[in-house]
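Structure record follows, encoded as structure tokens.
Derivation of every value follows stated rules applied to the coordinates shown; laboratory data play no part. Quantities reported herein were computed from a predicted structural model and do not represent experimental measurements. Cβ: placed from backbone, ideal geometry, glycine included. Neighbour counts: every protein chain shown.
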Amino acid sequence: MPPTPVHGNSATRRCRLFATLLLFATLAPAAPAHDRIAVIDFELRNLTPLADTDDDRRQLKKLRSGLERALAAQLGMCIVDIDRITVQRADAGFGYLFEHADVAAQLGARYGADWIVIGFLHKPSFLFSYLMVRLVDTHSGEVAEDIVVEVKGQRDVVMDRGIEHLVAKLRPRLLRGMGSPAARASAAADSHARTACEAGHGAQLPATD
């Protein structure tokens, strides 16, 4: 019996189809990364008998700058800077933006941010305080996460640890909106991640406070 002839046409067609699909997948536009975030100044809710101190104000500044750097370095987020005057104009009073996610979302969206973070340093005692953070999705205008982290003491190392806990709690929600795992890993590993924002609104973060 003569050997059965091998027909290569079917295999060739499959190879060509696979190559075509691979080409389209390569050329298809990637889903936009939901990775631009604005962090505005934390407010102090001081319930102790003493008035606000210079150290309190320094801690507020440290919270914002520390959180911005951690989000950029650990998650590859693009930090969007919103100047204090603009924030003050949008803020109708103490805690207003925290309680009005829709207004906070409009503020962030105006500067091209996908997310905006509003926070309190809630200080009921000299011994401990709470970092109260609200993450708002500027596209939907809704609160994406409400986070509370307890910090004991006012030392810098304690506040740094509080910031790390904040980022750990923000991470799952933020990563769900930040494109493919490969893109996230590349952004986080990039030594220039802090300055990888698109021109116009990205803030170059300082190496130190």
Residue order, fewest to most beta carbons within 10 Å, for THR48, THR138: THR48, THR138
Residues listed by number, region 109-133, amide nitrogen under 13 Å from LEU50 label point at 7 Å toward C-beta: 125-128
Residues of type aspartates and glutamates that LYS61 reaches as a straight line, Cα spacing below 17 Å, ignoring anything fewer than 8 places off in the same chain: ASP41, GLU43, ASP52, ASP81, ASP83, ASP156, ASP160, GLU164, ASP209
